[in-house]
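Working notes, beginning with the structure itself.
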Amino acid sequence: MDNPLLAFAGLATLCGACQWLAWRVNLPSILFLLTAGVLVGPVFGLFDPDAFLGDLLFPFVSVAVAIILFEGGLTLRFSDIRGHGAVVTRLITLGVLVTWAMLSIAAHFIFDMPWALALVFGSIVTVSGPTVVKPLLQSVRPSDRVGHVLNWEGILIDPIGVFLALLVFDAVLLDAPGLGVGHIALILAKLVIIGGALGAGAGYALAFVLKRYLVPDYLINVIALVVVIAIFSIAETLQHESGLLAVTIMGVWLANTRGLHIEELLHFKEDLSVLLISGLFVVLASRIDIGLIPQYGWQILALL
């Protein structure tokens, strides 16, 4: 589509239609969003996100995921998983390692993929993330206990999966002189320290401002959004891929600050997240190269 305004309007309309249809038939919205993305992208060629957004495509995706994770963090109250914290811990530690191992082995033998590349692939696809989990939870609606556990896992797995993928990539694919355990440990330390410090600092500062009513009500959502984007960008500049941890910790900090009322902020971010999740699925699905499906048909099904 040559007209950017029409492309933008069409994308927004398509996202809204998919969300409404999902509600109407009570199915997860991601099914319709993925299908719509494939149809308007590789099937009919109506939408090319690379041409539409150009160099802004991946920054847009990164910032969108950061906002979604922050909103997810706002829903993570420690009281919700009291007595089930060990389950979440095992899911984001042992569960990640088991998933990584199984998918790496499967990719190696099914696709005859070199071990180095298979390990990186396995690390990438350990992530479910809130973009997938939240639409599913809205449709499936499990019990409170299961829902809280899945919500915590789906949000925390995102920065953890990114860390794993980055560390594995550095360890097995980069042919850098002197690369070793010390180098990997240094990267991990920078990811945790920078992301953790910025996230906690921003959460404390924003909570301080909100609790003392230093910002008028009509600016709270705007200020929070600005802080999220700023902290994410600063963290990413200091250490690549630390931004997701920063915004997640920031959201969790606010959610568990006593005496802080974040209902209005949470409602605004929930609405924004629905829009961003919808846009992400359509945009990313429209970049799929469906020409590879006949070539690797049975392998894709086997891996799935």
key: Taking all pairs of distinct alpha-carbon atoms in region 33-77, Kirkwood radius in angstrom   = 12.3 Å
key: Rg and Dmax of region 129-229, Cα atoms only, in Å   = 18.7, 54
query = For region 252-293, what is one quarter of the convex hull surface built on the Cα atoms, given in nm²?
reply = 4.2 nm²
request  = Please get the size of the charge dipole for the chain, origin at its Cα centre, with Cβ charges of +1 on Lys and Arg and -1 on Asp and Glu, quoted in debye to the nearest 20.
outcome  = 920 debye
task = Give the accessible surface of region 258-304 per residue, rounded to a whole number of Å², with probe radius 1.4 Å and ligands, DNA and RNA excluded.
result = 63 Å²
inquiry  = Computing the accessible area with a 1.4 Å probe over protein heavy atoms, can you report the carbon and sulfur percentage for the chain?
reply    = 70 percent
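Is the C-alpha gyration tensor of region 224-294 telling us rounded, prolate or oblate? Criteria: a/c under 1.5 is rounded; beyond that, a/b larger than b/c is prolate, otherwise oblate. Provide the component values of the computation, followed by the final result.
Numbers: a/c = 3.14, a/b = 1.69, b/c = 1.86.
In terms of gyration-tensor shape, oblate.
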ask   = For the chain, what relative contact order do you get, as a whole percent, if you take Cα pairs closer than 8 Å and at least 6 residues apart?
value = 32 percent
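Residues of region 1-158: accessible area per residue at 1.4 Å, in Å²?
Per residue, region 1-158 has 53 Å² of solvent-accessible surface.
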query = How big is region 169-304 by Rg and Dmax over its Cα atoms, in Å?
reply = 20.1, 61
request  = With 10 Å bins from zero, work out the P(r) of the chain over every alpha carbon pair and list the percent per bin.
outcome  = 6, 23, 34, 27, 9, 1, 0
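The values are calculated or read from the model by the stated rules, or taken from the named source; none is laboratory data. As the structure is a prediction and not an experimental result, all values here were calculated from the model. FYI the Cβ positions are ideal-geometry reconstructions off the backbone, even for glycines, and counts take in every protein chain you see. For the accessible areas, the whole protein counts, side chains as well, though only heavy atoms, and no ligand, DNA or RNA atoms are used. Shrake-Rupley method; radii C 1.70, N 1.55, O 1.52, S 1.80 Å.
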